[in-house]
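K.L.:
Structure provided below as structure tokens; questions to follow.
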Amino acid sequence: MDQINIHEAKTNLSRLIAAVESGAEREIIIARNGRPAAKLTAVDTPARRQIKFGVARGKFNLPDDFDADNDYIAKLFNGEADD
């Protein structure tokens, strides 16, 4: 698709965006009165970073009694703790 007029672009905007997003069209030129006025292209977005699980494995150790105060902490959140 080389060039389309503004009326056609307004009528088919969703379809045109899908075409450049998918790579079916590299760019679409929008013309006013037969003269190029704008260019529709896809935005280059960086790839999402992958979450790496286990990156800190072996960097620290949890104590055996790590969860020992869970009941007390739950009472604190509920306003039931005795001071």
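K.L.:
Being open to solvent by 90 Å² or more (accessible area, probe 1.4 Å), at pLDDT below 95 and either out of contact with any Gly (no Cβ under 9 Å at 6 or more places or on another chain) or in a loop (DSSP other than H, G, I, E, B) (or both) is the requirement here; does Val55 meet it?
P.N.:
On the way: open to solvent by 90 Å² or more (accessible area, probe 1.4 Å): yes; at pLDDT below 95: yes; either out of contact with any Gly (no Cβ under 9 Å at 6 or more places or on another chain) or in a loop (DSSP other than H, G, I, E, B) (or both): yes.
So Val55 fits the description; yes.
K.L.:
Contact list please: Cβ distance under 7 Å, first residue in region 1-15 and free of Cβ contacts under 8 Å to residues at least 12 places away in the same chain, second residue surrounded by 10 or more Cβ atoms within 10 Å (Cβ to Cβ), pairs at least six apart or on different chains.
P.N.:
Here the result reads none, with nothing in region 1-15 linked to a residue that is surrounded by 10 or more Cβ atoms within 10 Å (Cβ to Cβ).
K.L.:
Answer yes if at least one residue in region 17-32 is exposed (fewer than 10 other Cβ atoms within 10 Å of the Cβ) and either touching a residue at least 12 places away in the same chain (Cβ under 8 Å) or in a helix (DSSP H, G or I) (or both), and no otherwise.
P.N.:
The answer is yes, given that some residue of region 17-32 is exposed (fewer than 10 other Cβ atoms within 10 Å of the Cβ) and either touching a residue at least 12 places away in the same chain (Cβ under 8 Å) or in a helix (DSSP H, G or I) (or both).
The values are calculated or read from the model by the stated rules, or taken from the named source; none is laboratory data. Since the structure is predicted, the reported quantities are computational estimates derived from the model, not experimental observations. Glycine gets a Cβ as well: all are built from the backbone with ideal geometry, and neighbour counts include every protein chain shown. The accessibility values were calculated without ligands, DNA or RNA, using every heavy atom of the protein model including side chains. Shrake-Rupley method; radii C 1.70, N 1.55, O 1.52, S 1.80 Å.
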